[in-house]
Amino acid sequence: MEGRSYHMTPEEFRRHGHALIDWLADLSQRIDTLPVVAPVEPGEIAGRLPDHAPAEPEEFAALLRDLDDIVLPGITHWQHPGWFAYFPANASGPSILAELAAAGLGVQGMLWSTSPACTEIEATVVDWLVDLLGLPEHFMMATGPGGGSIQVSASDATHLVHVVARHRATEAGAGTDDLVAYCSQQAHSSVERGARIAGYRHIRTLETDERYALRPDALATAVGADRAAGLVPAIVTSCVGTTGTAAVDPVAAVSALASEHGLWHHVDAAYAGSAMVCPEHRHHQAGVETVDSYTFNPHKWLFTNFDCNVLWWADRRPLNAALSSVPPYLRNAASDSGEVVDYRDWQVPLGRRFRSLKLWWVLRSYGVEGLRHHIAEHVRLAHWLADRVAEHPRLELSAPPSFALTCFHHVAGDTATDDLATAINAVPSVYVTPSSIGGRRYIRVSVGQTWTSEDHVRALWAIIDAAA
Ligand code: PLP
C-alpha cells in the first residue's frame, strides 16, 4: 500500500515495551513454579513455528502471546533458583534493563569515534574491576601499560590470548609449527580448543595433583622435554577455579616457571574471578602480579547476563601489534591523534556491542558491598551443603568444596552416583550436573544463581538425602 509505514510507532513502542517489561517482571516472580529444564523433545519447538515467515505484519500482542505458548516451554531456566548445574549464568534486574537500554541506544562501538561513551565507560568500568578483584595496578588502562576490555566469552578471550602469544613468539623468530601451549588436564576444553584454532600444533595437557591442580613439576618436565626436542614453549594457562571441581592452579609457581622459560602466562578465572570481589578469596590468585593476561566472566557469577567476559593484558602492546590494521574507511582524527582507545584492536571481530552498560549498572546497583554479600552467601551455602554430604553415611565429597561448588559421589560406586543424579534431576525444581573426574562419576552442585537462597539449598539437600 502506497505511503504505508511498517515501523512500530514511538507510541506503540512505549505501550509494547511496558507490556514486555511487565511480562519479564511477572516471569521473575513465578519462575520458581516452572520446571528448571525445558520439558520438550527435539524438534518440538520448531514444529510449532510456521513453515514460512509471515507475509503480512502481525500484531505485537501475538508475539508476546507466543513467548508464553512457544518460547517458555522450550526454555531451560538458568535464572531459576533451583539452578545448580554447570556454573551459573546469572542475571539481575539492573543488568537486564541495561541490556535493553544498550539495544535502544543501538550503538556499534568499534571505534572511540563511533560512540565515545561506549569506549570510555568500558575502559573505566574495567579499570574499576581491577581494583575490585585485587588485580595488579598495571592492568589498568588509566595507569597502564596494560588494560582490559569486554569480550564475548572466556573461550574467545583464551583463544585471542593464544593468538597474541603466537604472534609474539613468531615475531621473536620462532616457527609457528614449533610452538607449544600448556595447561592442565583439568583446564576447560576451551583452552585446548583455543590453542588448536590459533594454530598450535603441540598442546600439552599436564597431570594434576590430588586436588586436581596443575603440578608445576609436570610443567617444568614438559617444558624441558620440549626444549630438548627443539620445540618452543610459548604459553601456559593456569586456571583459578577449574570447571570440574573449582580447583586452583598454583599461579605464583607457574608464573616463576613462565618467566624462567619465556612463556606467556594466561590465567583463566572464568568462574572464580567473581569471588575475588571478596578479599578472603584473593590468596587463590597470589602471583597474579606477574601474569601476562587474565580473564573472568561477569556473565557467570557477577549478576551480569550473558554475554560479558573481561580480558586484561599486563601490557597491551603485543595485543595491538598482533591485531591492528587500519583500512582507510576507519581512519579518523581521534584515532590518528593517539589519544583514544579503539577497541576493535582488542578483539577478533570488528563490531562490538555496548556491553559495559550492564556491567556499570550492576556495579552501581549492587555496590561492592552488595556483590560481596551475595557471593559470600553462595560460598557459605555451598560449604553448608558440603558439610551435610561429609556427614552422610552413603555420600562422599569427590573434592574439597571450592568457592561455591560442591562435588560428591555415592559410596556404592558409579552406577549409584548416576542413579542419584537421575533421581535428583527428576525433580523439576532443581538441576545438577553429573560428570566424571579421576576415573569416577560424581555430581557437581554449583550454587550461584541470583535468586538461590538457603531455603533452596536446604530443599536440594532434602532431595539428595531422600534419594541417596
Ligand atoms: N573456563 C572455565 C574455567 C569455565 O568453567 C568455562 C565455562 O564454564 C569457560 C572457560 C568457558 O566460558 P565461556 O562460556 O564464557 O566461553
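Peptides 434-440, 12-18, ordered by how many other C-beta atoms sit within 10 Å of their residues on average, highest first, read 434-440, 12-18.
Under the simplified labelling scheme, the ASP387-SER365 pair shows an inter-label distance of 3.2 nm, with each label point 7 Å from Cα along Cα→Cβ. Phi angles of region 399-406 translate, via the Karplus equation with coefficients 6.51, -1.76, 1.60 and θ = phi - 60°, into HN-Hα couplings of 7, x, x, 9, 6, 10, 10, 10 Hz per residue; Gly and Pro are given as x. Over the C-alpha trace of region 107-353, radius of gyration and Dmax come out as 17.5, 57 angstrom.
Extension gain for ALA321-HIS7 works out to 108.6 nm (0.36 nm per residue, less the C-alpha to C-alpha distance). This model, with +1 at the C-beta of Lys and Arg and -1 at the C-beta of Asp and Glu, gives the chain a dipole about its Cα centre of some 580 debye. Computed from the alpha carbon positions, the gyration tensor of region 19-68 leads to an equivalent ellipsoid with semi-axes of 24, 19, 5 Å, biggest first. Whole angstrom only: what separates the Cα centroid of region 60-111 from the Cα centroid of region 169-211? Spelled out, the Cα-based centre of one part sits 35 Å from the other. Across region 201-212, computed HN-Hα scalar couplings (Karplus, 6.51 cos²θ - 1.76 cosθ + 1.60, θ = phi - 60°) run 8, 10, 10, 9, 9, 8, 5, 10, 8, 5, 9, 6 Hz from first to last residue, x flagging Gly and Pro. The apolar share of the surface of the chain, taken as the fraction of accessible area on carbon and sulfur atoms (1.4 Å probe, ligands and nucleic acids excluded), comes to 55 percent.
Let me know the whole percent of all Cα-Cα pairs from region 309-359 that are separated by more than 16 Å. Of all Cα-Cα pairs in region 309-359, 48 percent lie more than 16 Å apart. DSSP beta bridges confined to the chain are antiparallel in about 55 percent of cases. Solvent-accessible surface of the chain, taken per residue with a 1.4 Å probe and all protein chains present: 45 Å². Please say if region 205-327 is rounded, prolate or oblate, where rounded means a/c under 1.5 for a ≥ b ≥ c the square roots of the C-alpha gyration tensor eigenvalues, and otherwise the choice is prolate for a/b larger than b/c and oblate otherwise? Oblate. Across the chain, Cα pairs under 8 Å and at least six residues apart give a relative contact order of 21 percent. To the nearest Å, what is the center-to-center distance of region 421-458 and region 147-168, using C-alpha atoms only? Taking the Cα centre of each part, region 421-458 and region 147-168 sit 31 Å apart. Dividing the summed helix terms, -39500 (n - 2.57) for each DSSP H run of n ≥ 4, by the number of residues in the chain produces a 222 nm estimate of -13000 deg cm²/dmol to the nearest 500. Take the Kirkwood radius over Cα pairs of region 58-188, plug it into Stokes-Einstein at 4 °C and 1.567 mPa s, and you get 67 µm²/s for translational diffusion. Classify region 108-156 from the C-alpha gyration tensor, please: rounded if a/c falls under 1.5, else prolate or oblate depending on whether a/b exceeds b/c. Judged from the Cα gyration tensor, region 108-156 comes out oblate (a/c at least 1.5, b/c at or above a/b).
When the Cα positions of THR422, GLN449, CYS407 are compared along the charge dipole of region 394-468, CYS407 comes out farthest toward the positive end, with charges on each C-beta of Lys, Arg, Asp and Glu.
Put a dot 7 Å past the Cα of ALA426, heading toward its Cβ, do the same for VAL71, and the two dots end up 3.3 nm apart.
In order along region 178-183, the Karplus-derived 3J(HN,Hα) couplings, from 6.51 cos²θ - 1.76 cosθ + 1.60 at θ = phi - 60°, round to 9, 6, 10, 10, 10, 7 Hz, and Gly and Pro are given as x. Close amide-amide hydrogen proximity is noted between ALA38 and THR76, HIS77, each under 5 Å apart and 5 or more residues distant or on a separate chain (H modeled in the peptide plane; Pro and chain starts excluded).
Once divided by 2.2 N^0.38 Å, the Cα radius of gyration of region 362-467 becomes 1.12.
For region 107-197, the Cβ-based charge dipole about the Cα centre amounts to some 260 debye (Lys, Arg positive; Asp, Glu negative; other atoms uncharged).
Annotation for TYR329 and LEU63: the two label points, set 7 Å from Cα along the Cα-Cβ direction, are 2.9 nm apart. Between the beta carbons of ARG14 and ARG380, assuming R0 = 41 Å, the FRET efficiency works out to 0.45 to the nearest 0.05.
Which one of TYR86, ILE463, MET141 is farthest out on the positive end of the charge dipole of the chain, using unit charges on Cβ (Lys, Arg +1; Asp, Glu -1) and the Cα centre as origin? Checking the options against the dipole of the chain, the answer is MET141. Of the residues ILE21, GLN347, VAL161, the one whose Cα sits farthest towards the positive end of the charge dipole of the chain is VAL161 (charges of +1 on Lys and Arg Cβ, -1 on Asp and Glu Cβ, taken about the Cα centre).
Kirkwood hydrodynamic radius, computed over distinct alpha-carbon pairs, for the chain: how many Å, to one decimal? In the chain this quantity evaluates to 24.0 Å. A simple charge model with +1 on the Cβ of Lys and Arg, -1 on the Cβ of Asp and Glu and nothing else charged puts the dipole of region 107-353 at about 540 debye relative to its Cα centre.
The values are calculated or read from the model by the stated rules, or taken from the named source; none is laboratory data. These figures come from a predicted structure and were not determined experimentally. No Cβ is skipped: glycine too gets one built from the backbone with ideal geometry, and neighbour counts run over all protein chains shown. Note: accessible area is taken over every heavy atom of the protein model, side chains too, but ligands, DNA and RNA are not part of it. Shrake-Rupley method; radii C 1.70, N 1.55, O 1.52, S 1.80 Å.
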